[in-house]
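Below is one structure, written out as C-alpha cells, with a few remarks after it.
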Amino acid sequence: MEEKRLLRLLRCHPLETYIKVVLYAGLRRNEALGLLRKNIDFDNNEIYVEQQVNLKNELTTVLKTKTSKRVVKMFPELKDALLQFEWCKPEVRLFDFKPDYVTANFTKLCKSGGIPDFTIKSCRATFATRCEEMGIPESIIQAWLGHSTITTTKKHYIKLNDDFIQSEFDKALKSPLTL
C-alpha cells in the first residue's frame, strides 16, 4: 500500500518519472540515473542496463557486478511513464539529477507524506515483491535486479506482506491438501 501513497505524493514532482523507473523496473539508483534514450526499446518493451552514473554524476560503463549489465522488461505502467522520452536523441540522458539530490529529496518527500522508512532501495524491493506476488520465477526476478545470486534477491528484496500471505492461504483452503 505504501507505493500507492508514494505515487500520489509524486504527482507533478520532478522525481516522478525517475522513481517510477526504479519502482517499476527495479533499477538501482545510479543505473536509473544513467539511462540514455537509446537504452529504451519501446517496440520490444525492454530497458538495456549498460551504464550508470558515479557519485560525481559522470556516466560510466563500470557497473556494480558482472550481472548488472542486463535487459529488463517494461511493464505497461513504466512504458507509459517513459513515452515522454520517445522522440529524444539516442545519447540524451533521461534524468539529469545528481545521486545525492535524488536520495535527499526522495527521503524528504517520503517523510513529509508519512512514509518515513521508504527509500530508493525500498522501491527495488517493492518491485521484486510485486513480481513474486505475480508468480514470476525468482530466477527471473534475480536477473531483472542484476543480482549475482538468488540468495541476495530472496533475503534482501522479496518481502511478502501479510495481506498477500493471507490471500495465498485462502486460495490454498479452496484446494484439497494432498500429501
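Ignoring the sites themselves, the chain has its longest run without GluC sites (Glu not before Pro) in a DSSP loop having at most 11 other Cβ atoms within 10 Å at 92-179. To the nearest 10, the accessible area of Met134 is 120 Å² with a 1.4 Å probe. Computed in the context of the full set of protein chains, the accessible area of the chain at 1.4 Å probe radius has 55% of its extent on carbon or sulfur. Multiplying the residue separation of Thr152 and Cys12 by 0.36 nm and subtracting their alpha-carbon distance yields 47.0 nm.
Rounded to the nearest 20, the Cβ-based charge dipole of region 63-159 about its Cα centre (Lys and Arg +1, Asp and Glu -1) stands at 380 debye. Taking the Cα centre of region 1-101 as origin and assigning +1 to Lys and Arg Cβ atoms and -1 to Asp and Glu Cβ atoms, the resulting dipole is close to 280 debye.
The mean sequence separation of alpha-carbon pairs under 8 Å and at least six residues apart, normalised by the residue count of region 1-108, gives a relative contact order of 31 percent. Of the Cα atoms belonging to the chain, the radius of gyration and Dmax stand at 17.1, 58 Å.
Remark: the chain carries 58 Å² of accessible area per residue (probe radius 1.4 Å; ligands, DNA and RNA excluded).
Simple point charges give the picture: +1 on the Cβ of Lys and Arg, -1 on the Cβ of Asp and Glu, and for the chain a dipole about the Cα centre of about 460 debye. In plain terms, the chain from Asn44 to Thr67 could stretch by 6.2 nm, reckoned as 0.36 nm per residue minus the Cα-Cα distance.
The values are calculated or read from the model by the stated rules, or taken from the named source; none is laboratory data. Everything numeric in this text was worked out from a predicted model, so none of it was measured. Using ideal geometry, Cβ is built from the backbone for each residue, glycine included, and neighbour counts are taken over all protein chains shown. We work out accessible area using only protein heavy atoms, side chains counted, and drop any ligands, DNA or RNA first. Shrake-Rupley method; radii C 1.70, N 1.55, O 1.52, S 1.80 Å.
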